[in-house]
Amino acid sequence: MRVAVISAEAVPYSKTGGLGDVAGALPKALKQIGVDSVLVTPCYWQTKAEYLWSTAIDDLNVDWRGGVYPAKAFYSEANGSPTFLIDAPSYFHRDSIYGYREDHERFAFFNHAALTLLKRIGPAPDIVHLNDWHCGFSAVELASLRRWDAYWQQTRTVFSIHNMAYQGVFGADELWKFGFGGEQERNAFLSNGAASAMKAGLLVSDTLSTVSRRYAQEIQMPENGYGLDWLTRQRSDRLVGITNGVDYEVWDPRTDPDIGAHFDEQNLEGKRECKRLLLEEFSLPVRIERPIFANITRLTAQKGIDLMMQVAGEILATGAYIISLGSGEKRYEDFWQALRDHAPDQVGIFRGYSESLAHKIEAGADIFMMPSKFEPCGLNQMYSLRYGTVPIVRAVGGLDDTVQNFDSVTGTGNGFKFGPYSADRFLERIYEALFAYADPETWRTIQRNGMEQDNSWQNAARKYVELYGWTLGRW
Ligand code: ADP
Ligand code: GLC
């Protein structure tokens, strides 16, 4: 089976969030279980030159907006699988990866260039695996191509939803510019009078998936469907939830090169050392017995920062530390800064993005807070589990699928979770966690339960192979 994964971001070439982690790791995991997979992603200005191993195509002439765009494609296997990176400077050599008025045009171009490239490099893939709204354009183009281009006739599409909240909406009058002037194509995009790349992907792809089982249910309801729940309900017989995996080659406390001491579920001594180093890194006094609450995230409303703001004072009142890594909305950045100014001996913040610090925090912290409003999957709670950092999460999406409440009677469960989006419910779990933390043996049990959980990509990749088979009508 030949699979082409198309994604707007992929680690290590680019990353703004979990989509990058997933799109980098899945093709590698597919390859490891014997699937012939290739990844196609843009070459951004941010993509490090060391990852561009060679020039694969220097005349990838892409028919575009009535002319020809002279793009290039680089080749790499830096993520562990064959990758082609589309180089189109006017679209991708910019200060940031997203956030431009014409993002829809940038990714419409990328999609068309990706299909042009695939046709150039070999036999047609059996499956083109598309990710999020950025790839809705390919879904529509492939549906059309299949009708008249023999090359694509057997190819089927899988469309994965990583976040329903972002839909790539733009003015429908622009569709013709991107080659979607035909009535059928136009209708695929039309949503409430505008064009929606997410809607198009959901409507025309052969099968749909999303990144946890619970989120697959949630997006069929108005609260998380963002106006497209009618469509996910309509296509629910073609929609599956596959929980993301963790790349344990990158996130492993036994070997992690970013952390100062190594450890595993049998011996957690190294974690104590990581905690000491983490406190030092943030210039906090080293009181090793006090718990560290941590958070690493994009600072947006999705992540439940409002709840963290409401409970932060209570956490500090217990004498615990809070460490936060992230950047995003100003009101949230300002809050963390004010908290740090208020309690400089208990609060550590880093406003920005740092892979290496993310690893150090996962290793050194005791408790990870993820009270998300909604969370399609979430990766940090899974990284936390592997690093013996106990998660407190809201029971939504992938957080609900991967975190089980600790039960002191049976000794089962790997963390703490609460239902309603409420600071009081969150605080209850925080106190419960602190109570468990006070008893080292209990805490050890919770840590071990989490560290032993297997969220590897191999499991998830097998489920994708089943989905591909089903999409091809082989099951
Ligand atoms: P989302 O994709 O919604 O942001 P996920 O939990 O799926 O949420 O993935 C977020 C990824 O981005 C994780 O790998 C996390 O470690 C990383 N991340 C987020 N913010 C930062 C930051 N400021 N510095 C380093 N890594 C970050
Ligand atoms: C999105 C979601 C996150 C998920 C990630 C990867 O960014 O917000 O929950 O883990 O995609 O699928």
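The values are calculated or read from the model by the stated rules, or taken from the named source; none is laboratory data. Keep in mind that what you see is a predicted model, and the values were worked out from it rather than measured. Positions of Cβ are backbone-derived with ideal geometry, glycine not excepted, and every protein chain shown enters the neighbour counts. These area figures cover heavy atoms from the full protein model, side chains too; ligands, DNA and RNA do not enter into them. Shrake-Rupley method; radii C 1.70, N 1.55, O 1.52, S 1.80 Å.
General remarks:
- Residue in the stretch 413-424 that is in a strand (DSSP E or B) and under 20 Å from ASP264 (Cα atoms) present: yes
- In the stretch 452-469, the residues that are more than 11 Å from LEU26 (Cβ to Cβ) and touching a Ser or Thr at 6+ places or on another chain (Cβ under 7 Å): ASN455, LEU467
- Where a residue in the stretch 278-294 is in the same structural domain as GLN381 (by TED's automatic domain parsing) and its partner, wherever it lies, is surrounded by fewer than 16 Cβ atoms within 10 Å (Cβ to Cβ) and among the β-branched types (Val, Ile, Thr), with Cβ under 7 Å and at least six apart: LEU279/VAL286; GLU280/VAL286
- Only one of SER356, SER422, SER408, SER372 that is at pLDDT 95 or above and over 22 Å from the mean Cα position of the chain (by Cα): SER422
- Residue, most open to solvent (accessible area, probe 1.4 Å), within the stretch 396-412, restricted to residues that are more than 25 Å from ASP247 (Cβ to Cβ) and in contact with a helix residue (DSSP H, G or I) (Cβ under 9 Å, 6 or more places away or on another chain): SER408
- Within the stretch 36-49, the residues that satisfy the criterion of being in contact (Cβ under 8 Å) with a residue 12 or more places away in the chain and within 21 Å of GLU9 (Cβ to Cβ) are SER37, VAL38, LEU39, VAL40, THR41, PRO42, CYS43, TYR44, TRP45, GLN46, THR47, LYS48.
This table checks each residue for (1) in contact with a helix residue (DSSP H, G or I) (Cβ under 6 Å, 6 or more places away or on another chain); (2) closer than 24 Å to GLN302 by Cβ; (3) in a helix (DSSP H, G or I); (4) of a type in the set (Gly, Ala, Ser).
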{"site": "PRO391", "(1), (2), (3), (4)": "yes, yes, no, no"}
{"site": "PHE426", "(1), (2), (3), (4)": "yes, yes, yes, no"}
{"site": "GLU432", "(1), (2), (3), (4)": "no, no, yes, no"}
{"site": "GLN447", "(1), (2), (3), (4)": "no, no, yes, no"}
{"site": "GLY450", "(1), (2), (3), (4)": "yes, yes, yes, yes"}
{"site": "ALA460", "(1), (2), (3), (4)": "no, yes, yes, yes"}
{"site": "GLU466", "(1), (2), (3), (4)": "no, no, yes, no"}
{"site": "GLY469", "(1), (2), (3), (4)": "no, no, yes, yes"}
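- Residue among SER196, SER209 that alone is crowded, with 23+ Cβ neighbours inside 10 Å, under 18 Å from ALA139 (Cβ atoms) and assigned by TED's automatic domain parsing to the domain that holds LYS31: SER196
- With respect to the conditions (1) over 26 Å from GLN453 (Cβ atoms); (2) open to solvent by 60 Å² or more (accessible area, probe 1.4 Å), ARG254 lacks only one, and its number is (1).
- Scanning the stretch 132-152 for any residue that is in a loop (DSSP other than H, G, I, E, B), free of Cβ contacts under 8 Å to residues at least 60 places away in the same chain and surrounded by fewer than 24 Cβ atoms within 10 Å (Cβ to Cβ) turns up at least one such residue.
- Boolean, LEU30 is of a type in the set (A, V, I, L, M), within 30 Å of LEU175 (Cβ to Cβ), in the same structural domain as GLU105 (by TED's automatic domain parsing) and touching a residue at least 40 places away in the same chain (Cβ under 8 Å): no
- Every test in (1) more than 21 Å from LEU279 (Cβ to Cβ); (2) within 16 Å of ligand 2 (Cβ to nearest atom) is passed by PRO391 save one, and that test is (1).
- Verdict on ALA317 being out of contact with any Phe, Trp or Tyr (no Cβ under 8 Å at 6 or more places or on another chain), under 23 Å from GLU432 (Cβ atoms) and of a type in the set (A, V, I, L, M): yes
- Condition met for ILE322 (over 25 Å from LYS271 (Cα atoms) and without any contact (Cβ under 8 Å) to a residue 40 or more places away in the chain): no
- In the stretch 366-376, residue most open to solvent (accessible area, probe 1.4 Å) [restricted to those that are within 16 Å of ligand 2 (Cβ to nearest atom) and in a loop (DSSP other than H, G, I, E, B)]: LYS373
- Unmet requirement for LEU379, which otherwise passes all of (1) out of contact with any helix residue (DSSP H, G or I) (no Cβ under 6 Å at 6 or more places or on another chain); (2) open to solvent by 10 Å² or more (accessible area, probe 1.4 Å); (3) within 11 Å of ligand 2 (Cβ to nearest atom): (1)
- Residue match in the stretch 447-468 (condition: aromatic (Phe, Trp, Tyr) and away from ligand 2 (no atom under 16 Å from the Cβ)): yes
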